[in-house]
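Asks: So that we are looking at the same thing, I have put the structure below in structure tokens.
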Amino acid sequence: MRHAWIARRVQDSVPTQLRYARAGVTTEEMEYVARREKVTPELVRDEVARGRLVVPANVAHPNLEPMGIGVALSCKVNANIGNSAVTGDAQGELDKLGVCLKYGADTVMDLSTGGNIDGIRKALIDHSPVPLGTVPIYQAVQETRSVAKLTADDLLGMIEHQAKQGVDYMTLHAGVLRAFLPLVQHRVTGIVSRGGSLMAQWMIEHGAENPLYARWDDVLSICARYDVTISAGDGLRPGCLADASDAAQFAELKVLGELTKRAWARDVQVMIEGPGHVPFDQIEMNVKKEMELCHEAPFYVLGPLVTDIAPGYDHITSAIGATMAGTAGAAMLCYVTPKEHLGLPTAEDVRQGLIAYKIAAHAADVARHRPGARDRDDALSRARYAFDWKEQFRLALDPDRAREYHDETLPDEYFKSAEFCAMCGPKFCSMHLNRVVEGYNADQEARRALPVLTPSPDAGK
């Protein structure tokens, strides 16, 4: 299905949300975002015009349901999927996309590096109503077979190719400059970003500056034609706590701020990617520094992971940091699955990572006192006190898991609907016992409401 608003925008030479917003035009995409977020269309338009909110909406993505990403809206969650040279096919990635959509991913990134990348991406775009992101250098290197053979024209050609396919936003590691490479020498884990390391290798192999930086104006021309939002990649992000908040990371961030202003001058939307692995006490500082150096462009963070000692549980270590980042002002959180550092995620890993991050984003919305953010919590709490199990499950972020855990230790349907669960049973359920407290308090209130009778002066005569 091709939405009417896309048909109208595709006629323009620069069909970007930023250009319209600056002209005072509230697009249908902005109105859609406003309804979704329960804010005014004017707020969305003004935040887009300011550069503090992006609406990734490629005119070649026909079935897109527009999504707003910015600090003025609810905190968003991205889910990474994609095959590798070792495993993964189109159907497997579509299965993962289905899990992403079921459990509420706001955007999805296809990070495929194996075979049939075009076929996988086409299938994902055709089936995804949420914005789809990519990292073009992955496919560019995969098709040329080596970084040494990859030319600047090849890379720009791949950016345009993916834009024509309908990719809504792209991670471009344009801030990794030759001058910054010596800054990573002291690091424990060096350059951990795949795109960042490929860019570093390209500069060494070719003896030239980062082609994305050198030809930034050409990149902007492509993005402006299709309204591709740039996700300015943090190629020098820290890959462990020991490397966090160092000179390399912040040197790149400063360049991303300069490139953001140049993009805005061409009416191209931008968000900024962030770390990585960061000690908990440094997360807020990192968010504030991005806002300062990148002029409040939306911050899109990976994690951050707050400890390095939990392989297999990094969806938890990173969700802790993500909650802090979202509370401090990050606009979107990139999920981490239990397979981080260990292997390619399965559909079940996607589910676990996504739920962990939906929890983090929601907790950040509650902490920032966003209007209505706590409504669902309060409704679930009332259902819990009323032993309305069906309503509890309906309101849960993962209804299937909640129902499964509740039912698995109860013997039959009678017990599954009873006013207790297997944790306490009927005799020790605090909420069931609290009915006695309720009755006592009601009795006391009734007694206090009775009229006080004053004896007559003649009483007893």
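Asks: Of all the residues that make up the stretch 350-387, how many are touching a helix residue (DSSP H, G or I) at 6+ places or on another chain (Cβ under 8 Å) and of a type in the set (D, E, K, R)?
Replies: So the answer is 7.
Asks: I've got another one for you. Step by step: first the residues of the stretch 345-366, then only those that are under 14 Å from the mean Cα position of the chain (by Cα) and among the β-branched types (Val, Ile, Thr), then the one that is farthest from Ala322 (Cα to Cα). Which residue is that?
Replies: That would be Val350.
Asks: Residues in the stretch 13-46 that are crowded, with 21+ Cβ neighbours inside 10 Å, free of Cβ contacts under 8 Å to residues at least 60 places away in the same chain and assigned to a helix (DSSP H, G or I): how many?
Replies: Residues meeting the conditions: 8.
Asks: Sticking with this one: More than 17 Å from Tyr169 (Cα to Cα), in contact with a helix residue (DSSP H, G or I) (Cβ under 7 Å, 6 or more places away or on another chain), open to solvent by less than 20 Å² (accessible area, probe 1.4 Å) and in a loop (DSSP other than H, G, I, E, B): does that describe Asn83?
Replies: yes
Asks: May I ask you to list the residues in the stretch 278-292 that are among the hydrophobic types (A, V, I, L, M, F, W, C), surrounded by fewer than 17 Cβ atoms within 10 Å (Cβ to Cβ) and closer than 21 Å to Gly175 by Cα?
Replies: Answer for the stretch 278-292, where residues must be among the hydrophobic types (A, V, I, L, M, F, W, C), surrounded by fewer than 17 Cβ atoms within 10 Å (Cβ to Cβ) and closer than 21 Å to Gly175 by Cα: just Met285.
Asks: Of the numbered conditions (1) out of contact with any Ser or Thr (no Cβ under 9 Å at 6 or more places or on another chain); (2) more than 30 Å from Gly235 (Cβ to Cβ); (3) surrounded by fewer than 19 Cβ atoms within 10 Å (Cβ to Cβ), Gln392 satisfies every one except a single condition; which is it?
Replies: Of everything listed in (1) out of contact with any Ser or Thr (no Cβ under 9 Å at 6 or more places or on another chain); (2) more than 30 Å from Gly235 (Cβ to Cβ); (3) surrounded by fewer than 19 Cβ atoms within 10 Å (Cβ to Cβ), Gln392 misses just condition (3).
Asks: If you don't mind, there's one more thing I want to ask. Which residue is nearest to Ala232 (Cα to Cα), if the candidates are limited to the stretch 324-354 and must be open to solvent by 40 Å² or more (accessible area, probe 1.4 Å) and among the polar types (S, T, N, Q)?
Replies: The extreme case among them is Thr327.
Asks: If you don't mind, another one. What are the pairs, 6+ residues apart or on separate chains, where a residue within the stretch 285-300 that is closer than 17 Å to Ile69 by Cα has its Cβ under 8 Å from a residue that is of a type in the set (Phe, Trp, Tyr)?
Replies: Val287/Phe299; Glu290/Phe299; Met291/Phe299
Asks: Can you tell me how many residues within the stretch 86-101 are touching a residue at least 40 places away in the same chain (Cβ under 8 Å), part of a loop (DSSP other than H, G, I, E, B) and of a type outside the set (Ser, Thr, Tyr)?
Replies: Residues in the stretch 86-101 being touching a residue at least 40 places away in the same chain (Cβ under 8 Å), part of a loop (DSSP other than H, G, I, E, B) and of a type outside the set (Ser, Thr, Tyr): 2 in total.
Asks: A further question follows. Among the numbered conditions (1) open to solvent by 10 Å² or more (accessible area, probe 1.4 Å); (2) in a helix (DSSP H, G or I), tell me where Ala163 comes up short.
Replies: So Ala163 meets the others, but not (1).
Asks: Does Pro66 satisfy the criteria of being of a type outside the set (A, V, I, L, M), open to solvent by 10 Å² or more (accessible area, probe 1.4 Å), within 20 Å of Tyr226 (Cα to Cα) and touching a residue at least 24 places away in the same chain (Cβ under 8 Å)?
Replies: Considered against the rule, which asks whether it is of a type outside the set (A, V, I, L, M), open to solvent by 10 Å² or more (accessible area, probe 1.4 Å), within 20 Å of Tyr226 (Cα to Cα) and touching a residue at least 24 places away in the same chain (Cβ under 8 Å), Pro66 comes out as no.
Asks: Mind telling me which of the residues Gly133, Gly104 ends up being modelled with pLDDT of 95 or more, in contact with a Lys or Arg (Cβ under 9 Å, 6 or more places away or on another chain) and either part of a loop (DSSP other than H, G, I, E, B) or not acidic (Asp, Glu) (or both)?
Replies: Criteria check complete, one pass: Gly104.
Asks: Which numbered condition in (1) modelled with pLDDT under 95; (2) touching a helix residue (DSSP H, G or I) at 6+ places or on another chain (Cβ under 6 Å) is the only one that Leu342 fails?
Replies: (2)
Asks: Continuing with this model, one more query. Of everything in the stretch 357-376, what is acidic (Asp, Glu) and surrounded by fewer than 13 Cβ atoms within 10 Å (Cβ to Cβ)? Give them in sequence order.
Replies: Result: Asp375, single match.
Asks: Restricting to the stretch 256-274, what's the tally of residues that are closer than 23 Å to Gly195 by Cα and open to solvent by 10 Å² or more (accessible area, probe 1.4 Å)?
Replies: Total meeting the criteria: 4.
Asks: Here is a follow-up. How many residues does the stretch 126-160 contain that are surrounded by 22 or more Cβ atoms within 10 Å (Cβ to Cβ) and more than 16 Å from Asn210 (Cβ to Cβ)?
Replies: Count: 6.
Asks: Just give me the residues in the stretch 293-323 being open to solvent by 10 Å² or more (accessible area, probe 1.4 Å), small (Gly, Ala, Ser) and under 16 Å from the mean Cα position of the chain (by Cα), in sequence order.
Replies: Ala319
Asks: State which residue is nearest to Leu177 (Cα to Cα) when the search covers only the stretch 204-219 and only residues that are out of contact with any strand residue (DSSP E or B) (no Cβ under 6 Å at 6 or more places or on another chain) and buried (at least 20 other Cβ atoms within 10 Å of the Cβ). Write out each step before concluding.
Replies: Step one: filter the stretch 204-219 for residues out of contact with any strand residue (DSSP E or B) (no Cβ under 6 Å at 6 or more places or on another chain), giving 204-211, 213-219.
Subset that is buried (at least 20 other Cβ atoms within 10 Å of the Cβ): 210-211, 213, 219.
Numbers: Asn210: 6, Pro211: 10, Tyr213: 8, Val219: 16 Å.
For the stretch 204-219, the residue satisfying everything is Asn210.
The values are calculated or read from the model by the stated rules, or taken from the named source; none is laboratory data. All values reported here derive from a predicted model rather than from experimental measurement. Cβ atoms come from the backbone with ideal geometry, glycine included; neighbour counts cover every protein chain shown. Ligands, DNA and RNA are stripped out before the accessible areas are found, and what is left, the full protein with its side chains, is counted by its heavy atoms. Shrake-Rupley method; radii C 1.70, N 1.55, O 1.52, S 1.80 Å.
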